[in-house]
1. Looking at segment 34-119, which trypsin sites (Lys or Arg not before Pro) are in a loop (DSSP not H, G, I, E or B) and have at most 16 other Cβ atoms within 10 Å?
2. Rounded to whole Hz and in sequence order, give me ³J(HN,Hα) for segment 75-82 from the Karplus expression 6.51 cos²θ - 1.76 cosθ + 1.60, θ = phi - 60°, writing x for Gly and Pro.
3. Consider a paramagnetic label point 7 Å from the Cα of Y116 along Cα→Cβ; state which residues of segment 63-98 have an amide N under 20 Å from it.
4. Give me the distance in nm between label points sitting 7 Å out from Cα along the Cα-to-Cβ direction at R92 and H30, one decimal.
5. On a C-alpha basis, how far is the centre of segment 51-91 from the centre of segment 21-46 in Å? Whole number, if you could?
6. For a quick check, take a GNM of the chain with Cα springs below 10 Å and name the residue from A88, A32, A74 with the largest mean-square fluctuation.
7. Rolling a 1.4 angstrom probe over the protein heavy atoms, how many square angstrom per residue are accessible across the chain?
8. Taking a ≥ b ≥ c as the square roots of the eigenvalues of the Cα gyration tensor of the chain, is the shape rounded (a/c under 1.5), prolate (a/b larger than b/c) or oblate?
Amino acid sequence: MSTDANLRLDVREEAGRPTLAVITGPLDLHTAPSLHRQVTLILHQSPSLILVLTGVTYCDSSGLNTLLRLHLHAQDSGGRLTVAGPPAQLVRMLTVTGMDTVLPVYGTVAESQETYGPS
């Protein structure tokens with residue numbers, strides 16, 4: 001599933017595990033709205049979701065806002081959204097803004113999956 005010419009979203013499902021949404025490319029003012037729409041649709045089908053951000057090449061405030069909105073949407077819907085493998089630049093942004101205290105952030109997909117309990 002592709003969201004934008006510059007941003008790619010691949011969905012991976014495995015029985016008994018949270019759905020993975022693998023994001024590749026820039027997460028910015030131009031790509032964030034499309035990503036928000038696509039991930040919101042995924043959350044309606046799979047309320048347990050891990051956003052895999054290892055392939056994010058750039059993130060601005062629009063991208064951060066989108067991540068927070070998606071997390072809150074998941075919570076409001078009775079689901080759960082976590083983030084796995086953000087690049088160092090994005091980890092710094094999440095820390096400086098305090099978003100890492102609201103949005104569950106894990107270094108790897110495996111660490112994030114462990115928090116969802118046994119498969």
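1. On the way: sites: R37, R69, R80, R92; in loops: none.
Taking segment 34-119 and a limit of 16 other Cβ atoms within 10 Å, no loop trypsin sites (Lys or Arg not before Pro) are found.
2. Each residue's phi maps through the Karplus curve to give 4, 4, 8, x, x, 8, 10, 10 Hz.
3. 67-87, by backbone N distance to the label point.
4. 2.3 nm
5. 9 Å
6. In this elastic network of the chain, the residue with the biggest mean-square fluctuation among A88, A32, A74 is A88.
7. Numbers: 6000 Å² over 119 residues.
Counting only protein heavy atoms, the per-residue value for the chain is 50 Å².
8. Working: a/c = 1.45, a/b = 1.20, b/c = 1.21.
Because its axes are fairly even, with a/c under 1.5, the chain counts as rounded.
The values are calculated or read from the model by the stated rules, or taken from the named source; none is laboratory data. What you see is a predicted model; the values in this text were computed from it and never measured. Glycine also receives a Cβ, built like all others from the backbone with ideal geometry; neighbour counts cover every protein chain displayed. Accessible surface is based on the protein model in full, side chains and every heavy atom, while ligands, DNA and RNA are left aside. Shrake-Rupley method; radii C 1.70, N 1.55, O 1.52, S 1.80 Å.
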